[in-house]
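Taking it in order: structure first as structure tokens, then the write-up.
Rule-based calculations on the coordinates, nothing more; no lab input. Quick caveat: nothing in here was measured; it's all calculated off a predicted structure. Here Cβ is always computed from backbone atoms with ideal geometry, including for glycine, and neighbour counts include all displayed protein chains.
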Amino acid sequence: MKRYQKNMLQSFLLMFCAVIRFNVQAQDLEQLIRVGLQQNTNVEQADLQYKLATEKVNEVQVIPNTEFSFGYFATPLETRTGNQKIKASVVQKLPWFGSITARENYASSLADAQYESIAIAQRKLVMSISQNYYELWANTLKQDVLEEQITILKQYEVLALTSLEVGKASVVDVLKLQMRGNEISERIALLKQDYLAVQTQINLDLNRDKSQVILVTSNLEMPEEEVLELDEITNLHPELLQYDKLYESVEQSDLLNQKERAPTLGFGLDYIAIEERRDLDVVHSGNDVFVPMVSVSIPIFNSKYKSKSVQNTIQKETYKVQKQDKKNNLMAVLDTAIKQRNSALIRFKTQIKNLEQAKNAQDILLKSYETGMIDFDDVLDIEDLQLKYEISRIESIKLYYKQQTIINYLTQ
């Protein structure tokens, strides 16, 4: 049953991935997540902890050890029917009716609580891989934009050299364009280093060689229509559900505590070997003795169990408070994510308008070149604005999707 639930959980996470991708064309993000769910060490650790907790259910399915004892009378104890030579005993204690079942239920409830840790680890892994993937996407597009900027600057440099020949530009203009190109090349080199750092993080999440190349071929775009999301955290979220399972484990602990306060039964048998008398003719001489026994262990001093009951009551209240505190924290994170996602959409729309206006300004500037008037300081200013707006547009898309992963983590 748990294997089925685990498979269902992985299927849900892949659907969760599909939700956060929106219109991502390639399947590489899904493939990365699929590999991560199979190989990530945090997920594996949570799974091992769950298996360990499950195995503890079998550990409690036992009764106390059977006690055997054997004694030899160094000095024979003389009785009417003969001397006692050997004494052997066997005793078996049994817990009160239902005690073993209570232990099983308690251990199972702890295992159920541990199972939620797997879901939490998997969800966090999906969010981590997705957010880092979007970082790679933004990094790739920034490099493309900067490469295009270098191409444009080279075209302007040709214009500047042409203007220099006819006395409409100075050597300083050419040098400014070249220095600007050097700055752009530096930014590209730095972005490549950032790409490798994020790529390493994804590979470590996938528990594989950190240098393995990850190529981003997805195309992220802002959705045309606003995506409506739940504005509350469902109580079925594993980070909250875990507290419900822990609460249930304390209730099972209470039931177990009640069973442990009950008496413990014991059954046994004593065997005494009797030596036959040779000096007298006695009825039953030499007959061995069998003594069946029944014992009851009653916890008269039960302050321990009363204290355990009080502790359980306090622990249940603690889990209630912790769950509400966790829900409040998650709600704060959700509210922040929604607002930042909306802010990213607002900035994106603004940058689109700014890019259009910057393009118009560029067209005007190029037309002025045809009339013999061009100021390369203005050229650099316009290119700086265009680059700024384009980078900001990419950042807005990246921020939108990264915040969407947080929203889906909390509400799906």
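Below are the figures for this structure:
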read-out: Check: the range 30-160 dipole with +1 on Lys, Arg Cβ and -1 on Asp, Glu Cβ, in debye; value: 1040
read-out: Which listed pairs, of K51/K93; K326/K353; K316/K402; K367/K402; K320/K349; K56/K320, have C-alpha distances above 32 Å, in listed order; value: K326/K353; K316/K402; K367/K402; K320/K349
read-out: Burial ordering of D112, D254, D377, fewest other beta-carbon atoms within 10 Å first; value: D377, D254, D112
read-out: Calculated FRET efficiency for the pair V333/T101, C-beta based, R₀ 60 Å, to 0.05; value: 0.90
read-out: Pairs of lysine residues in the range 123-235 - Cα separation under 19 Å, sequence separation of 8 or more or cross-chain; value: 6
read-out: Largest-first principal axis extents, alpha carbons of the range 313-359, Å; value: 69, 8, 5
read-out: Distance between the range 185-208 and the range 117-138 - C-alpha centres, whole angstrom; value: 16
read-out: Binned Cα-Cα distances of the range 288-394, short to long, each 5 Å bin given as a whole percent; value: 2, 9, 9, 8, 7, 6, 6, 5, 5, 5, 4, 4, 4, 4, 4, 3, 3, 3, 2, 2, 2, 1, 1, 1, 0, 0, 0
read-out: Lys/Arg +1, Asp/Glu -1 at C-beta; the chain dipole; positive extreme among N408, A113, A358; value: A113
read-out: DSSP beta bridges in the chain [antiparallel fraction, %, rounded to 5]; value: 100
read-out: Whole-percent pair-distance distribution, where bins are 10 Å wide, for the alpha carbons of the range 32-163; value: 10, 16, 13, 12, 12, 10, 8, 6, 4, 3, 2, 2, 1, 0
read-out: Computed helical MRE - 222 nm, the chain, DSSP H runs ≥ 4 contributing -39500 (n - 2.57), nearest 500; value: -25000 deg cm²/dmol
read-out: Peptide ranges 179-188, 31-40, 391-400 listed from the most packed, as the mean C-beta count within 10 angstrom indicates; value: 391-400, 31-40, 179-188
read-out: Highest to lowest packing among 147-157, 317-327, scored as the average C-beta count within 10 Å; value: 147-157, 317-327
read-out: For the chain: span of alpha carbons on each principal axis (Å, largest first); value: 148, 39, 33
read-out: Long-range HN-HN contacts of I86 with modeled amide H, under 5 Å; value: F73, A273
read-out: Cα extents of the range 340-412 along the three principal axes, largest first (Å); value: 61, 16, 12
